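Please treat every number below as a calculation from the coordinates, not as lab data. None of these values were measured; they are calculated from a predicted model. Positions of Cβ are backbone-derived with ideal geometry, glycine not excepted, and every protein chain shown enters the neighbour counts.
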């Protein structure tokens, strides 16, 4: 599973730690989106900046959904 992360709020007034976390996630500006694998490290980063981002769970590329036939 992967996570689509979108920056929704400005970094103005944010702490240096929050700015560096957003940068480490690969986000550059408001409405910019990136995709990361769902790992405990990424989840921890998302928790630190949850008020600045929007997260959607998606299927990773190359994974097929299981269908019951």
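Laid out as a table, the results:
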{"read-out": "Cβ-based exposure ranking for 49, 55, in which fewest neighbours within 10 Å come first", "value": "55, 49"}
{"read-out": "Structure-derived Rg/Rh (Cα atoms, Kirkwood Rh): which label, when the choices are [x] 0.97; [y] 1.02; [z] 1.07", "value": "[z]"}
{"read-out": "Exposure proxy order (Cβ contacts within 10 Å, fewest to most) of 4, 48", "value": "4, 48"}
{"read-out": "Structure-based [θ]222 nm, the chain - -39500 (n - 2.57) summed over DSSP H runs of at least 4, per residue, nearest 500", "value": "-8000 deg cm²/dmol"}
